[in-house]
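The values are calculated or read from the model by the stated rules, or taken from the named source; none is laboratory data. For clarity, every value in this text was computed on a predicted model and none was experimentally measured. Neighbour counts are summed over all protein chains in view; Cβ atoms, including those assigned to glycine, are modelled from backbone coordinates with ideal geometry. Only protein heavy atoms, including side chains, enter the accessible area calculation; ligands, DNA and RNA are left aside. Shrake-Rupley method; radii C 1.70, N 1.55, O 1.52, S 1.80 Å.
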Amino acid sequence: MTQTLVPIFVCVVLPIAIVLIVSLAKMNADNKRTQIILKAIEANRDVDTEKLIESMKKPEKTALQILNLRLLRGCIFSLVGLGLVIVAVVGLLNDVPFADDPVSVPLVFGSASLTVGLSYLIVYFVTRRQLKSSEND
């Protein structure tokens, strides 16, 4: 019985709970912002609502910050993926069958992580080149 409940909770209930919690947190933040703006308008009629709304917005990241985050994520995912692939290859070299978990699991997760990391790095280099060309124009 517990052998079937654990995968159901991990694969179904947990993702739904995470989405619900994130959605409720966003709704709560929006409601708090709305209440603050309404209280400011009620308390003082001279309040510039546009400036108040603008000051309550989340600050946007610059292009350089986004570029650096892409580089960081690309390096992290690539190195983790490379490490897992190396673990799988070492397992294969030690005559562990491919179907065993010590080889197949790291190989699957490592290759997926390496792919994601390389895609982040590709986007980083392409975006960096585009930023340099747009600065020169």
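Might you check whether a residue that is modelled with pLDDT of 85 or more and either open to solvent by 70 Å² or more (accessible area, probe 1.4 Å) or at negative phi (or both) occurs anywhere in segment 54-61? Looking for residues that are modelled with pLDDT of 85 or more and either open to solvent by 70 Å² or more (accessible area, probe 1.4 Å) or at negative phi (or both), one finds at least one in segment 54-61, hence yes. Selection of segment 83-137 for residues being modelled with pLDDT of 90 or more and not in a helix (DSSP H, G or I) yields only 94.
Does residue 68 meet the test of being of a type outside the set (A, V, I, L, M, F, W, C), within 30 Å of residue 134 (Cβ to Cβ), part of a helix (DSSP H, G or I) and at pLDDT 95 or above?
yes
With the condition being without any contact (Cβ under 8 Å) to a residue 24 or more places away in the chain and touching a helix residue (DSSP H, G or I) at 6+ places or on another chain (Cβ under 9 Å), I'd like the helices (runs of 4 or more DSSP H) fully within segment 1-58 carrying at least 3 qualifying residues.
It comes to 14-43, 49-56.
Look at residue 92 and say whether it is within 30 Å of residue 131 (Cα to Cα) and either without any contact (Cβ under 8 Å) to a residue 24 or more places away in the chain or open to solvent by 80 Å² or more (accessible area, probe 1.4 Å) (or both). Here the answer is no, as residue 92 does not meet what is asked.
Of all residues in segment 12-24, none are open to solvent by 70 Å² or more (accessible area, probe 1.4 Å) and among the polar types (S, T, N, Q). Within segment 26-45, is there a residue that is β-branched (Val, Ile, Thr), at pLDDT 90 or above and either farther than 30 Å from residue 128 by Cβ or open to solvent by 70 Å² or more (accessible area, probe 1.4 Å) (or both)? Looking for residues that are β-branched (Val, Ile, Thr), at pLDDT 90 or above and either farther than 30 Å from residue 128 by Cβ or open to solvent by 70 Å² or more (accessible area, probe 1.4 Å) (or both), one finds none in segment 26-45, hence no. Evaluated against (1) in contact with a Leu (Cβ under 7 Å, 6 or more places away or on another chain); (2) open to solvent by 80 Å² or more (accessible area, probe 1.4 Å); (3) modelled with pLDDT under 85; (4) not small (Gly, Ala, Ser), residue 51 falls short on exactly one condition, (1).
Of all residues in segment 62-81, exactly one satisfies the criterion of being over 16 Å from the mean Cα position of the chain (by Cα), under 23 Å from residue 108 (Cα atoms) and loosely packed, with under 14 Cβ neighbours inside 10 Å, namely 79.
For segment 112-128, the set of residues classified as surrounded by 15 or more Cβ atoms within 10 Å (Cβ to Cβ) and either over 17 Å from the mean Cα position of the chain (by Cα) or closer than 10 Å to residue 85 by Cα (or both) consists of 113, 114, 127, 128, listed by residue number.
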